[in-house]
Structures are given as structure tokens and as C-alpha cells.
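Colleague: What follows is a structure written as C-alpha cells; I'll ask about it next.
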Amino acid sequence: MPEVEAEVGKERFDWYSQWYPVMPVSDLDKRVPHGKKVLGLDLVVWWDKNENEWKVFDDTCPHRLAPLSEGRIDQWGRLQCVYHGWCFGGNGDCKIIPQAPVDGPPVHTFKKACVAVYPSVVQHDIVWVWPNADPQYKDIITKKKPPYFPVLDDPSFSKSMVNRDIPYGYEVLVENLMDPAHVPYAHYGIMCTRTPTVKVDREGGRPLDMKVKKLDINGFLGKQDLDSSNFIAPCIFHAFTDVEVDQENGSATSSEIVKALPPNRRFSLIFMCVPVSPGNSRLIWTFPRNFGVSIDKMVPRWIIHIGLNLILDSDLYLLHVEERKIMEIGATSWQKACFVPTKSDALVVGFRRWFNKYAGGEIDWKGKYSGALPPSPPREQLMDRYWSHVVNCKSCNTAHNVSRHSK
């Protein structure tokens with residue numbers, strides 16, 4: 001691969017003209033508002049029972065700027081601010097200001113009393129948001145839709161989803177998911193990997209013939225033996241097998257998850273990587289497959305999540321520290337500092353090339369952040385799974401509450 005330099009050309013990636021996944025619907029409670037951050041924007045996601053759809057607002061009450069996510073949904077289905085009781089409808093319009101005299105001017109109808117509404121849509125049972133509340137984007141869904149995956153609408157495939165807040169940034173999250181070579185080492189004993197013909201060490205690392213194709217502003221394609229992948233900028237990394245996988249020829253990327261698949265069985269990886277703020281990201285992922293589908297119906301999600309979160313835990317600290325070292329040298333100097341001589345790093349280098357060429361090596365935070373990383377917490381706090389996953393997962397949170405109250 002050519003040197004990865006800051007080579008911003010005529011095309012500049014617009015971070016605010018994209019759809020971003022916010023949360024799986026399965027982990028949202030219709031009874032309460034939910035505070036989420038995407039691209040540095042504070043959002044509140046809530047269920048509008050009057051219009052029977054999920055809404056995404058700016059998480060700021062126009063009165064005294066209190067977070068609306070700390071409020072409630074009242075008996076009339078309005079979003080109510082917990083600070084002074086101002087209520088808002090699904091279009092962001094203020095319905096009532098309790099402190100305003102009934103016989104006085106209708107101040108609740110003033111434009112300044114309204115809340116900014118972000119375009120949103122539910123696709124693949126995920127709430128997506130368009131991070132620009134300008135009225136010209138109100139109907140953006142008719143012009144541009146979120147990435148679509150047919151297997152997620154195919155009833156013969158499983159599609160259980162998981163979400164977790166990650167204490168390292170979007171760039172490190174994406175490139176780590178594109179790197180199957182680290183699996184035998186960072187996840188040793190946790191994930192199944194294919195045993196190479198010649199073992200050079202305990203873990204079974206081996207050469208991987210990976211290639212990047214068709215890199216442009218919208219992402220790139222990856223290729224490895226029978227496996228293909230595509231990076232759909234800015235959020236999606238999708239890895240899948242082109243043909244049926246037999247017992248003698250396990251696919252490389254997929255075989256880092258399963259040893260081999262019988263004929264006519266399909267398995268893919270869909271990772272959705274959300275930039276939250278410097279040093280923080282959110283991962284939503286699903287592994288659609290057309291076998292063992294009944295397992296998802298019989299086994300509670302929280303049991304499956306224990307193992308999936310263990311995988312994320314096993315290299316979390318490494319990546320948190322790595323990000324700080326990258327920040328010290330500067331993202332655009334990444335390849336000068338990192339020695340990546342083998343083809344196993346092709347997708348990682350491809351992502352860094354895309355990131356530097358089209359985004360200038362940085363996320364556009366609209367001046368909200370300086371780019372500096374937040375202070376690094378103690379390792380125990382960094383690894384704490386409760387605040388990063390349990391409270392955001394309906395299944396795990398329910399199981400935790402039952403366990404706590406049964407003691």
C-alpha cells in the first residue's frame with residue numbers, strides 16, 4: 001500500500017450528510033426517553049405514541065437547557081422536561097409552558113420554544129439519525145437511505161443485536177474490527193480459529209492474503225481468499241463469505257469466529273461503528289446466520305452477551321492505550337510510526353488511507369472538541385461492563401435487576 005499521508009483532495013467527506021445507527025429498538029424502552037450521543041451531538045430518543053414512531057430530538061430544553069432525556073413521557077404522550085414541566089410534541093413544538101398564564105400571550109407557540117428535531121428512521125430494527133436538524137433535511141429519507149442488508153430482513157436468518165459503549169475512539173474501533181490477524185492472540189482461548197498447516201507458535205498465527213479494492217470516498221472493498229468485506233463509510237464494516245464453506249476449506253475471516261460451516265450455510269459479520277466523542281465510540285453488531293436460528297429464541301440474550309462482551313474485554317485495554325500512542329504521534333503520521341509490512345494489515349492500512357485522504361485524518365466535531373482525548377480512568381473502571389453495556393441492554397439490565405433483588 002502507498003504511504004498513508006494526509007492527502008485531502010477535491011472530495012471531502014461530509015460527516016453530517018450520513019445516516020448513523022443510534023440504538024437497536026430491542027434495547028429501547030418506549031416508556032422513557034433515552035439520552036445518546038452521536039458525533040458529539042447530545043440526542044434524546046423517545047417513543048411518540050401519538051404518531052407511533054421513534055423520534056430523535058436535540059437533548060436540550062429551550063427554556064434553561066436542561067437535558068430532556070432526564071424527563072418523562074406524560075400521559076398524553078408528550079416529552080416533558082423534568083426541570084420546569086415544559087412539554088413537547090413529536091414535531092418539536094412546545095405544547096405547554098405551565099408557568100405561562102392561560103389568559104396571557106401564547107408563548108409556547110413561539111419558535112424559540114421549540115426543540116430541534118433530527119431526521120430519523122427505523123431500519124433493520126435500529127433507530128438511525130441524520131445529524132443535521134436543518135429543515136431542508138426533513139425528508140432526506142426519500143433521497144438517501146441508511147445502508148441496507150437483505151439478510152437482516154430475511155426471516156431465515158438470525159439477527160440478534162448487541163450494543164456497547166467503547167472507551168476508545170471510532171478510528172481504533174474500525175481498524176481493530178478489520179484485523180483478523182489479532183484474533184488468535186488478543187482473544188486466545190475465547191474465540192475459535194482455524195489451525196494452520198504449520199504452527200509457528202502456541203496461538204496459531206498465520207499469513208493472511210488480504211487485499212483492498214476500489215477505495216473511494218464511500219469506502220472500499222476487501223478480499224481474503226473466499227471471504228469478502230466492505231467498508232461503507234463512515235460506520236459499517238461487513239464481512240461475508242462469497243460461496244458455501246465446506247469442512248475442508250474454512251473461510252479465513254469467518255473462520256476466526258467459527259471453525260468451519262457445512263455447505264449451504266451462511267454467516268456474516270455486520271459491525272456498526274459510531275463516533276461518539278474523542279476517545280469514545282459505540283459498537284452495534286450482529287452476526288446473521290441461516291443455521292441455529294432457534295438458539296436465539298431459546299437462549300436469553302444476556303447469556304449470549306456474556307461471551308460476546310468477554311471478546312471485547314480481552315483487547316479493550318490494549319486499544320485504549322494504543323489510541324493514546326497514536327494521538328501522541330498524530331493520526332496522519334500513523335504509518336510512519338507503525339510498521340505494517342504484511343498483507344494481513346491491508347484492510348487496516350486501507351482504512352487509514354481512506355480516513356486521511358477523504359477526512360483529513362480527523363472527525364469533524366464542528367469545533368465542539370479540541371481533539372484531545374479525555375483522561376484515562378483506572379483500569380478497573382475502564383473494564384467495567386455495567387455502564388458500558390448492562391444499563392443500555394434491556395436483556396442484561398433485566399437479568400441484573402432480577403439477580404440483585406433475589407439476593
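This table checks each residue for (1) under 21 Å from the mean Cα position of the chain (by Cα); (2) part of a helix (DSSP H, G or I); (3) among the basic types (Lys, Arg).
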residue	(1), (2), (3)
313	yes, yes, no
322	yes, yes, no
332	no, yes, no
339	no, no, no
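Colleague: Report, ordered by the first and then the second residue, all pairs with beta carbons closer than 6 Å, sequence separation of six or more or different chains, a first member in segment 201-212 that is on the phi < 0 side of the Ramachandran plot, and a second member that is among the basic types (Lys, Arg).
Modeller: Taking only residues 6 or more apart or on different chains, the pairs are 209/343; 210/343; 211/223.
Colleague: Turning to a different aspect of this structure: Scan (1) buried (at least 19 other Cβ atoms within 10 Å of the Cβ); (2) within 15 Å of residue 175 (Cβ to Cβ) for the single condition residue 388 breaks and write down its number.
Modeller: (2)
Colleague: Of the numbered conditions (1) touching a Phe, Trp or Tyr at 6+ places or on another chain (Cβ under 9 Å); (2) not acidic (Asp, Glu); (3) not in a helix (DSSP H, G or I), residue 36 satisfies every one except a single condition; which is it?
Modeller: With (1) touching a Phe, Trp or Tyr at 6+ places or on another chain (Cβ under 9 Å); (2) not acidic (Asp, Glu); (3) not in a helix (DSSP H, G or I) applied to residue 36, the lone miss is (1).
Colleague: Is it fair to say residue 132 is in contact (Cβ under 8 Å) with a residue 12 or more places away in the chain and under 18 Å from residue 49 (Cβ atoms)? Give the steps one after another, and end with the answer.
Modeller: Values: in contact (Cβ under 8 Å) with a residue 12 or more places away in the chain: yes; under 18 Å from residue 49 (Cβ atoms): no.
Answer is no for this residue.
Colleague: When you go through (1) in contact with a Phe, Trp or Tyr (Cβ under 9 Å, 6 or more places away or on another chain); (2) not in a loop (DSSP other than H, G, I, E, B); (3) not assigned by the TED database to the domain that holds residue 345 one by one for residue 132, which number turns out not to apply?
Modeller: Tallying (1) in contact with a Phe, Trp or Tyr (Cβ under 9 Å, 6 or more places away or on another chain); (2) not in a loop (DSSP other than H, G, I, E, B); (3) not assigned by the TED database to the domain that holds residue 345, residue 132 fails exactly one: (2).
Colleague: When residue 197 is evaluated against the numbered criteria (1) at pLDDT 85 or above; (2) more than 25 Å from residue 350 (Cα to Cα); (3) of a type in the set (Ser, Thr, Tyr), which criterion, by number, is the only one it fails?
Modeller: (1)
Colleague: Sort out which residues of segment 79-99 are open to solvent by 40 Å² or more (accessible area, probe 1.4 Å), over 25 Å from residue 138 (Cα atoms) and under 36 Å from the mean Cα position of the chain (by Cα), and write them in order of number.
Modeller: Scanning segment 79-99 gives 82, 83, 84.
Colleague: Could you check, for segment 154-162, whether at least one of its residues is touching a His at 6+ places or on another chain (Cβ under 9 Å), part of a strand (DSSP E or B) and crowded, with 16+ Cβ neighbours inside 10 Å? Spell out the reasoning first.
Modeller: Taking segment 154-162 first, the residues touching a His at 6+ places or on another chain (Cβ under 9 Å) are 159, 161-162.
Now drop any that are not part of a strand (DSSP E or B), which leaves 161-162.
Filter again for crowded, with 16+ Cβ neighbours inside 10 Å, leaving 161-162.
Taking every residue of segment 154-162 in turn, at least one turns out to be touching a His at 6+ places or on another chain (Cβ under 9 Å), part of a strand (DSSP E or B) and crowded, with 16+ Cβ neighbours inside 10 Å.
Colleague: Filter segment 100-143 down to the residues that are among the basic types (Lys, Arg) and surrounded by 12 or more Cβ atoms within 10 Å (Cβ to Cβ) and list them by number.
Modeller: 138, the sole residue that qualifies.
Colleague: Considering only residues that are assigned to a helix (DSSP H, G or I) and either without any contact (Cβ under 8 Å) to a residue 60 or more places away in the chain or surrounded by fewer than 19 Cβ atoms within 10 Å (Cβ to Cβ) (or both), which ones fall in segment 144-153?
Modeller: Once the filter is applied, which keeps residues that are assigned to a helix (DSSP H, G or I) and either without any contact (Cβ under 8 Å) to a residue 60 or more places away in the chain or surrounded by fewer than 19 Cβ atoms within 10 Å (Cβ to Cβ) (or both), segment 144-153 yields 150, 152, 153.
Colleague: Mind checking which pairs have a first residue in segment 48-65 that is within 12 Å of residue 128 (Cα to Cα) and a second that is modelled with pLDDT of 95 or more and among the hydroxyl-bearing types (Ser, Thr, Tyr), Cβ under 6 Å, 6 or more apart or different chains?
Modeller: Pairs found: 56/118; 56/120.
Colleague: Among 360, 350, which is the only one that is modelled with pLDDT of 95 or more, surrounded by 14 or more Cβ atoms within 10 Å (Cβ to Cβ) and of a type in the set (Gly, Ala, Ser)?
Modeller: Result of the check over 360, 350: 350.
Colleague: Just to be sure, is residue 187 in the same structural domain as residue 382 (by the TED database) and crowded, with 17+ Cβ neighbours inside 10 Å? Show your work before the answer.
Modeller: Working: in the same structural domain as residue 382 (by the TED database): yes; crowded, with 17+ Cβ neighbours inside 10 Å: yes.
Spelling it out, residue 187 is indeed in the same structural domain as residue 382 (by the TED database) and crowded, with 17+ Cβ neighbours inside 10 Å.
Colleague: With the condition kept exactly as written, say whether any residue in segment 310-333 is buried (at least 19 other Cβ atoms within 10 Å of the Cβ), modelled with pLDDT under 90, in the same structural domain as residue 162 (by the TED database) and in contact with a Phe, Trp or Tyr (Cβ under 9 Å, 6 or more places away or on another chain).
Modeller: Yes; the residues of segment 310-333 include at least one that is buried (at least 19 other Cβ atoms within 10 Å of the Cβ), modelled with pLDDT under 90, in the same structural domain as residue 162 (by the TED database) and in contact with a Phe, Trp or Tyr (Cβ under 9 Å, 6 or more places away or on another chain).
Colleague: Of the residues in segment 46-62, how many are assigned to a strand (DSSP E or B) and crowded, with 20+ Cβ neighbours inside 10 Å?
Modeller: 6
Colleague: Considering each of 242, 179, 227 in turn, give the residue that is at pLDDT below 85 and open to solvent by less than 40 Å² (accessible area, probe 1.4 Å). Steps first, please.
Modeller: Values: 242 fails: open to solvent by less than 40 Å² (accessible area, probe 1.4 Å); 179 fails: at pLDDT below 85.
Exactly one residue qualifies, and that residue is 227.
Colleague: Would it be correct to say that residue 354 is in contact (Cβ under 8 Å) with a residue 40 or more places away in the chain, in the same structural domain as residue 172 (by the TED database), within 22 Å of the chain's Cα centre (by Cα) and not in a helix (DSSP H, G or I)?
Modeller: no
Colleague: Looking at (1) surrounded by 22 or more Cβ atoms within 10 Å (Cβ to Cβ); (2) without any contact (Cβ under 8 Å) to a residue 60 or more places away in the chain, which is the one condition that is false for residue 34?
Modeller: The one condition residue 34 does not meet is (1).
Colleague: Here is a follow-up. Look at segment 248-279 and say how many of its residues are touching a Gly at 6+ places or on another chain (Cβ under 7 Å) and either at pLDDT below 95 or open to solvent by 30 Å² or more (accessible area, probe 1.4 Å) (or both).
Modeller: Total satisfying the criteria: 2.
The values are calculated or read from the model by the stated rules, or taken from the named source; none is laboratory data. Fair warning: this is a prediction, and the values are worked out from it, not measured in the lab. Glycine gets a Cβ as well: all are built from the backbone with ideal geometry, and neighbour counts include every protein chain shown. Calculation scope for accessible area: heavy atoms of the full protein, side chains included, ligands and nucleic acids excluded. Shrake-Rupley method; radii C 1.70, N 1.55, O 1.52, S 1.80 Å.
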